[in-house]
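Structure first, then comments.
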């Protein structure tokens, strides 16, 4: 089945610094990837949709200048949290879709990145 | 009204029990329905995927979709302590770039030995 690898699994950074999170599809080409955020005891909330080779589409309330998404190839999407603040501390998860083939797999998630900003 | 409603529990059952998890939704455009299992501090793991109405069985798991009632269910037979996790229902209108998932809040399940 479809496998999505996410790295790092955990990161602690100082307030004001930037952090990059990588999401890779290992055995399929992902034309579309989704980035979600999950706060403790809450469900997953979609942050943005990225399409290979074009700009990401951000959900209402998500700052595009703060959460930079790059989907430069069919197997890699990156999320960069710029000038991180403690309120950005959360669990970030990516999901990859190989286009129409997604119907055969549902949607596969990475293992998540726990970001702590101190 | 939220698009997807799911009782957050927690739900505690003895080992071997049949577990019933449910979600209701309001958007009739949803066509693709999924159940995910999430362990603490991990990404969601896909358990069941169903397109439109009907039942689907995989081992101890059965997923049901009733689009007329906007109601989906996941049944777990012969529950095991290893089934203890949070179960999330998710659904989407489309696929590809239209395939962003809308999640329920998740139900926390505990199976006691």
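We did not get these values from a lab; they are worked out from the coordinates using the rules stated. Nothing here was measured: the structure is a model prediction, and the numbers come from that model. Positions of Cβ are generated from backbone atoms using ideal geometry, with glycine treated the same way; all protein chains shown enter the neighbour counts.
Within segment B:1-21, name every residue whose backbone N is under 19 Å away from a label modeled 7 Å from Cα of residue B:60 along the Cβ vector. Output list for this probe position: B:11-21.
If both residues of a DSSP beta bridge must be in chain A, then about 90% of such bridges are antiparallel. Each DSSP beta bridge with both residues in the protein assembly as shown is either parallel or antiparallel, and the antiparallel ones are about 90%.
Shown here: chain A, whose C-alpha atoms stretch 40, 28, 23 Å along the first, second and third principal axes, sorted largest to smallest. Looking at the P(r) of the protein assembly as shown, how many percent of alpha-carbon pairs lie beyond 33 Å? So the portion of pairs separated by more than 33 Å is 16 percent.
Dividing the alpha-carbon radius of gyration of segment A:1-47 by the rule-of-thumb value 2.2 N^0.38 Å gives 1.39. How much of the pair distance distribution for chain B lies past 21 Å, counting alpha-carbon pairs only, in percent? The answer is 32 percent, as a whole percent.
With contacts taken as Cα pairs under 8 Å and at least 6 residues apart, chain A reaches a relative contact order of 37 percent. Across chain B, Cα pairs under 8 Å and at least six residues apart give a relative contact order of 36 percent. Comparing mean-square fluctuations of A:31, A:75, A:17 from a GNM of chain A with C-alpha springs under 10 Å, the top value falls on A:17.
With a Förster radius of 35 Å applied to the beta-carbon distance between residue B:53 and residue B:112, the computed FRET efficiency rounds to 0.55.
Helical content of chain A, expressed as a calculated mean residue ellipticity at 222 nm, amounts to -500 deg cm²/dmol (DSSP H runs of 4 or more residues, -39,500 (n - 2.57) each, divided by residue number, nearest 500). Modelled label positions at residue B:17 and residue B:39, each set 7 Å beyond Cα in the direction of Cβ, lie 2.2 nm from each other.
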